[in-house]
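Have a look at the structure below, then the notes.
The values are calculated or read from the model by the stated rules, or taken from the named source; none is laboratory data. Keep in mind it's a predicted model, so treat the numbers as computed, not measured. Here the Cβ positions follow ideal geometry from the backbone for every residue, glycine too, while neighbour counts run over all protein chains shown.
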Amino acid sequence: MKQVKDPRHPSYITYHPGVILMMVVMKNASNLESMREMTDEFNTDNCIENLSKMLGIENLEELPHYDTVNDFLSRLDMEELENIRTYMVKELINKKCFYDYRIGGKYWGIIVDGTGLFTFREKHCEHCLEREHKNEETGEKKTTYMHHVLEAKLIAGDMVFSIASEFIENESEDVEKQDCERNAFYRMAKKLKSTFKRLPICIIADSLYACENVFQLCDKNKWKYLIRFKEGSIPSVMREFQNLKILEDSSSYEGISWVNGISYNERTVNVLEFVEEKEKDKRTFIYITNINVKKKNAKRLINAGRSRWKIENEGFNTQKNIRYYIQHPNSHDYNAMKNNYLLTQITDILVQLFEKGSKIMKAAKKKASNLLRAFQTLTLIEEDLVDLEKPIQVRFT
Ligand SMILES: [Zn+2]
């Protein structure tokens with residue numbers, strides 16, 4: 001964080017970029033809802049001393065006002081924060097402690113899904129997505145202005161780490177067709193491939209992604225995919241699957257049936273189905289994939305496909321309603337909004353490791369919500385800083 005490229009003119013710099021960024025990370029981790037609360041809660045001698053020790057920055061007498069923070073974030077290039085996240089994710093991948101969670105012992109599951117972030121009644125900026133609503137009774141038309149994001153999260157056991165965020169936004173006000181989730185995915189895929197060139201990836205997504213362009217892109221990138229398959233996604237493939245399933249050509253094991261090698265355009269695809277019966281409830285999960293389905297991996301694939309709920313649950317619901325409140329824009333400036341969002345994703349990686357990454361923390365049920373009090377009332381001492389330098393063993397059970 002101390003190394004980000006400072007967008008400000010040198011003569012106006014009072015606060016080091018590291019101070020500003022770390023302050024926002026601490027705000028997110030302490031579960032403070034607004035930027036104003038951050039300014040109010042953190043301007044104590046203890047917080048200032050802790051922050052200065054954490055960063056190794058001396059002579060820190062005050063913390064910046066949130067206007068200063070937002071002004072910095074409105075000018076900071078998003079790529080600077082993306083690079084920090086990439087560095088963190090690469091370090092985690094290289095640590096090998098997550099290797100067991102790979103699909104088929106090889107592929108890293110990456111869940112991709114879009115979600116709404118900010119909604120406005122008035123046009124907010126030239127990149128806003130617009131949606132028109134018509135009141136059925138009065139016939140009155142209203143436009144909502146929105147910002148959405150497409151998230152890619154890396155699965156590591158019961159944790160999901162943000163690995164890429166692509167904002168769904170219009171290039172300018174006069175676009176003929178608005179930006180959409182799938183288009184954002186094509187842009188994101190390009191960045192993912194160039195950032196993680198040789199990482200064996202398996203894209204896990206909902207039925208919106210069951211289409212030729214996505215298959216083609218995954219084939220080209222040498223990625224695997226595991227996509228929810230619904231009636232109507234690709235009717236010809238579904239028909240063939242249903243026909244072959246009842247013939248002897250299909251295989252089944254533990255409630256999972258599958259058919260490999262169904263022709264679709266220039267390739268073959270594989271389809272697998274799991275029927276879950278819980279009391280009177282019967283739910284069917286069908287996935288389309290380019291991974292060859294076998295008795296050995298069928299169950300693992302169904303579990304990986306079903307882990308998609310993690311992005312809705314841990315990924316979006318928690319970040320919207322339980323901590324971080326990602327639907328609060330924190331600033332009116334679009335670039336600052338995006339940077340605030342990225343800082344939340346960076347914080348979330350740290351918070352998940354803090355809460356779930358170490359056996360001791362997990363057993364002690366340490367929650368990040370205690371952080372604020374610790375930050376305000378305790379002071380880091382020399383011994384803590386020495387401890388921080390030591391490598392920590394992250395182990396999972
Ligand atoms: Zn906007």
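Which residue out of 48, 57, 110 is away from the ligand (no atom under 16 Å from the Cβ), assigned to a helix (DSSP H, G or I) and surrounded by 14 or more Cβ atoms within 10 Å (Cβ to Cβ)?
From the options 48, 57, 110, the qualifying one is 48.
Give the residue, chosen from 87, 145, 99, that is hydroxyl-bearing (Ser, Thr, Tyr), more than 16 Å from the ligand (Cβ to nearest atom) and farther than 16 Å from residue 344 by Cα.
On inspection, the qualifying residue turns out to be 99.
Hey, could you check region 117-163 for residues that are in contact (Cβ under 8 Å) with a residue 40 or more places away in the chain and either of a type in the set (Gly, Ala, Ser) or touching a His at 6+ places or on another chain (Cβ under 6 Å) (or both) and say which is nearest to residue 95 (Cα to Cα)?
Among residues in region 117-163 that are in contact (Cβ under 8 Å) with a residue 40 or more places away in the chain and either of a type in the set (Gly, Ala, Ser) or touching a His at 6+ places or on another chain (Cβ under 6 Å) (or both), the one nearest to residue 95 (Cα to Cα) is 156.
I'm told residue 194 meets every condition in (1) small (Gly, Ala, Ser); (2) away from the ligand (no atom under 16 Å from the Cβ); (3) at pLDDT below 95 except one. Can you identify the failing condition by its number?
Only one criterion is unmet by residue 194, namely (3).
Which residue is nearest to the ligand (Cβ to nearest atom), if the candidates are limited to region 148-160 and must be part of a strand (DSSP E or B) and at pLDDT below 95?
Step by step, filter region 148-160, then rank; the result is 160.
What's the number of the condition residue 245 fails, among (1) within 31 Å of the chain's Cα centre (by Cα); (2) within 26 Å of residue 214 (Cβ to Cβ)?
Failing condition for residue 245: (1).
Could you list, in sequence order, the residues of region 246-265 that are part of a helix (DSSP H, G or I) and surrounded by 17 or more Cβ atoms within 10 Å (Cβ to Cβ)? Quick ask: steps written out before the conclusion?
Initial filter on region 246-265 (part of a helix (DSSP H, G or I)): 246.
Once the filter is applied, which keeps residues that are part of a helix (DSSP H, G or I) and surrounded by 17 or more Cβ atoms within 10 Å (Cβ to Cβ), region 246-265 yields nothing.
Hey, can you tell me all the residues within region 66-81 that are in contact (Cβ under 8 Å) with a residue 12 or more places away in the chain, among the charged types (D, E, K, R) and surrounded by fewer than 17 Cβ atoms within 10 Å (Cβ to Cβ)?
Across region 66-81, the qualifying residues are 75, 77.
Taking the options 32, 63, name whichever one is without any contact (Cβ under 8 Å) to a residue 60 or more places away in the chain and under 22 Å from residue 351 (Cβ atoms).
Answer to the selection: 63.
Search region 116-142 for residues being in contact with a helix residue (DSSP H, G or I) (Cβ under 8 Å, 6 or more places away or on another chain) and near the ligand (Cβ under 8 Å from one of its atoms), and hand back the single one that is nearest to residue 338 (Cα to Cα).
118
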